[in-house]
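Novice: Sharing a structure with you now.
The values are calculated or read from the model by the stated rules, or taken from the named source; none is laboratory data. Small disclaimer: the values here were computed from a predicted structure and weren't measured. All Cβ positions, even for glycine, are placed from backbone atoms using ideal geometry, and neighbour counts span all protein chains on display. Note: areas computed on protein heavy atoms with side chains; ligands, DNA, RNA excluded. Shrake-Rupley method; radii C 1.70, N 1.55, O 1.52, S 1.80 Å.
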Amino acid sequence: MADPAIRLALIRDEIARACRAARRDPAEVTLIAVSKTRSAAEIESLLDLGQRDFGESRVQEAADKWPRLRQRYPDARLHLIGRLQSNKAAEAVALFDVIHSLDRASLLDALVAAGAKAARFPACFVQVNIGEEDQKGGVAIDELPAFLDRVRASPLPLAGLMAIPPAGVEASPYFALLAELARRHDVTGLSMGMSSDYASAVMLGATVVRVGSALFDDA
Ligand SMILES: *Cc1c(COP(=O)(O)O)cnc(C)c1O
């Protein structure tokens, strides 16, 4: 029956341990609390503990929950981690500080247009379909170089690469592959690792981990 303070401390500890093992500075790793489906009260208990980065999967849900939370915690940072439809680009630009799911040219165009209108360009991670799964979002690996060129030529700051490895298999090879792609293409940010595998993601170079259930649910 751990409370949020204990869970948060345990996860921060685990990240620090993984950093030590990989000879990395823990300050290089940002923990995103994935708060999709969580109530405003659950989110506030983490905000009160000093957690500032939060991830939501759906624009509408974030629009329902976050404007009031942001009034009370103006320095909270909101990350969109779920698939984004182009017709929600304007709303996403207004709400989110960072978008982790930029994965196609039509969405890039929509975000650029929405950003120009709002004079606000959120930093974007390019999502890579790292397991080459038909049903998953993400740029195909062989299309990544051309897509990165397009993003770099746009006014959207390129934050890095993001991936969700295939479910049910060891994630480390996919983390290592994403890290290799980032090196090859001179990208610094790596958004990878969730509740079950964030420590190995950190050892393989993650700069952002996205943790939901380990933070909000009793083990
Ligand atoms: C839900 C979600 C997470 C968090 O998953 P947990 O296993 O609950 O930590 C991370 N990334 C994405 C893209 C998600 O949709």
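Novice: Which of the residues that make up segment 85-100 are within 13 Å of Leu156 (Cβ to Cβ) and not aromatic (Phe, Trp, Tyr)?
Specialist: Within segment 85-100, Ala89, Ala92, Val93, Asp97, Val98, Ile99, His100 qualify.
Novice: Which of the residues belonging to segment 30-63 are in contact with a Phe, Trp or Tyr (Cβ under 9 Å, 6 or more places away or on another chain) and among the aliphatic types (A, V, I, L, M)?
Specialist: Result: Leu31, Ile32, Ala33, Val34, Ala40, Ile43, Leu46, Leu47, Val59, Ala62.
Novice: Condition (residue is of a type in the set (Lys, Arg) and without any contact (Cβ under 8 Å) to a residue 24 or more places away in the chain) applied to segment 181-198: is it met by at least one residue?
Specialist: Yes, because at least one residue in segment 181-198 is of a type in the set (Lys, Arg) and without any contact (Cβ under 8 Å) to a residue 24 or more places away in the chain.
Novice: Among the residues of segment 109-121, count how many are in contact (Cβ under 8 Å) with a residue 40 or more places away in the chain and either within 16 Å of the ligand (Cβ to nearest atom) or out of contact with any helix residue (DSSP H, G or I) (no Cβ under 6 Å at 6 or more places or on another chain) (or both).
Specialist: Residues flagged as in contact (Cβ under 8 Å) with a residue 40 or more places away in the chain and either within 16 Å of the ligand (Cβ to nearest atom) or out of contact with any helix residue (DSSP H, G or I) (no Cβ under 6 Å at 6 or more places or on another chain) (or both) within segment 109-121 amount to 1.
Novice: I would also like to ask the following. Whether any residue in segment 201-209 is away from the ligand (no atom under 14 Å from the Cβ) and among the polar types (S, T, N, Q) is what I want to check.
Specialist: Scanning segment 201-209, I find at least one residue that is away from the ligand (no atom under 14 Å from the Cβ) and among the polar types (S, T, N, Q), so the answer is yes.
Novice: How many residues are within 12 Å of the ligand (Cβ to nearest atom), open to solvent by 20 Å² or more (accessible area, probe 1.4 Å) and among the small types (Gly, Ala, Ser) if we restrict to segment 163-200?
Specialist: Residues meeting the conditions: 3.
Novice: All but one of (1) away from the ligand (no atom under 14 Å from the Cβ); (2) out of contact with any Lys or Arg (no Cβ under 9 Å at 6 or more places or on another chain); (3) open to solvent by less than 70 Å² (accessible area, probe 1.4 Å); (4) charged (D, E, K, R) hold for Lys136; state the number of the condition that does not hold.
Specialist: The single condition Lys136 does not satisfy is (1).
Novice: Looking only at residues that are more than 13 Å from the ligand (Cβ to nearest atom) and of a type in the set (Ser, Thr, Tyr) in segment 56-107, which one is least open to solvent (accessible area, probe 1.4 Å)?
Specialist: Per the criteria, the residue is Tyr73.
Novice: Looking at Val169, Val93, which one is in contact with a Gly (Cβ under 7 Å, 6 or more places away or on another chain) and farther than 20 Å from Thr30 by Cβ?
Specialist: Val93
Novice: For Leu215, work out the one condition from (1) open to solvent by 30 Å² or more (accessible area, probe 1.4 Å); (2) closer than 20 Å to Thr30 by Cβ; (3) more than 15 Å from the chain's Cα centre (by Cα); (4) within 15 Å of the ligand (Cβ to nearest atom) it doesn't fulfil.
Specialist: Leu215 satisfies every listed condition except (1).
Novice: Does at least one position in segment 148-162 carry a residue that is touching a His at 6+ places or on another chain (Cβ under 7 Å) and more than 13 Å from the ligand (Cβ to nearest atom)?
Specialist: yes
Novice: Taking segment 108-131 as the search range and keeping residues that are assigned to a helix (DSSP H, G or I) and open to solvent by less than 10 Å² (accessible area, probe 1.4 Å), which one is farthest from Ile81 (Cα to Cα)?
Specialist: Selected residue: Gly115.
Novice: Go through segment 9-51 and give me each residue that's in a helix (DSSP H, G or I), over 18 Å from Ala206 (Cα atoms) and in contact (Cβ under 8 Å) with a residue 12 or more places away in the chain.
Specialist: The answer is Ala40, Glu42, Ile43, Glu44, Ser45, Leu46, Leu47.
Novice: With the structure loaded, tell me whether Ala159 is touching a residue at least 12 places away in the same chain (Cβ under 8 Å), over 23 Å from His185 (Cα atoms) and either part of a helix (DSSP H, G or I) or open to solvent by less than 30 Å² (accessible area, probe 1.4 Å) (or both) or whether it fails that test.
Specialist: In short, no.
Novice: Could you run through segment 81-98 and say how many residues are over 15 Å from the mean Cα position of the chain (by Cα) and small (Gly, Ala, Ser)?
Specialist: 4
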